[in-house]
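Please treat every number below as a calculation from the coordinates, not as lab data. Bear in mind the structure is a predicted one, so any value in this text is a computation, not a measurement. Using ideal geometry, Cβ is built from the backbone for each residue, glycine included, and neighbour counts are taken over all protein chains shown.
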Amino acid sequence: MVRYQQSSGGRSLINVITEQCYNMDTVEEIIRNHPFWKGINPRYFYILRQCATYVRWGVGQNILTAGIDAKHFYLIHQGRVALEAFVPGKGTITFQTIGPGEALGWSWLFPPYCWHFSARSVDVTEAVCFGARGLLDYAQENHDFGYELAMRVGQILLQRLQATRLQLIDFYNVPGE
């Protein structure tokens with residue numbers, strides 16, 4: 001059974017795969033095997049599962065919309081997602097495409113807790129969606145978990161910053177880099 005839920009401020013629909021299609025064991029297995037959580041203390045998997053839902057988007061659906069409240073965090077399981085920004089005079093540009101094994105969204109962790117860019121599915125895309133409130137609450141209760149989470153999100157930020165740096169070098173055709 002699939003139920004529909006609005007996301008990104010009501011601008012797109014996501015299919016939330018209910019437990020009849022993806023049972024708790026399947027979602028937990030995806031969480032356990034996702035590179036984002038590699039090496040994390042296994043005792044945290046219970047809370048991660050409690051905050052998680054399996055979601056699916058069709059081709060071209062909005063996942064995140066810049067300026068909207070950031071309330072979720074996604075681990076991409078299948079498909080590809082275009083990260084986009086609006087550039088005055090140019091329109092919307094794709095600055096990076098991510099896929100299986102990657103994480104999407106960190107704005108839920110930092111004030112003002114709103115998306116700083118938009119994201120759109122390039123293919124049919126499936127992901128594990130974590131409710132930010134549950135993760136933040138648990139991180140405040142358990143500082144070891146909070147540290148692990150912050151370090152992992154920091155790695156995403158570093159990877160995206162490095163990718164952007166390489167794009168800028170390419171764009172400006174800087175020799176010797």
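Here are a few things to note about the model shown:
- THR65, THR164 arranged by Cβ crowding within 10 Å, fewest neighbours leading: THR164, THR65
- Rg and Dmax of the range 2-171, Cα atoms only, in Å: 15.7, 50
- J(HN,Hα) series, the range 116-121, from Karplus relation 6.51 cos²θ - 1.76 cosθ + 1.60, nearest Hz, glycine and proline x: 9, 8, 10, 9, 9, 6
- Counting neighbouring beta carbons within 10 Å and listing from fewest to most, the residues GLU102, GLU28 come out as GLU28, GLU102.
- Rounded to whole numbers, the Karplus 3J(HN,Hα) couplings from phi for the range 41-49 are 4, x, 5, 7, 4, 4, 5, 4, 5 Hz, using 6.51 cos²θ - 1.76 cosθ + 1.60 with θ = phi - 60°, and x at Gly and Pro.
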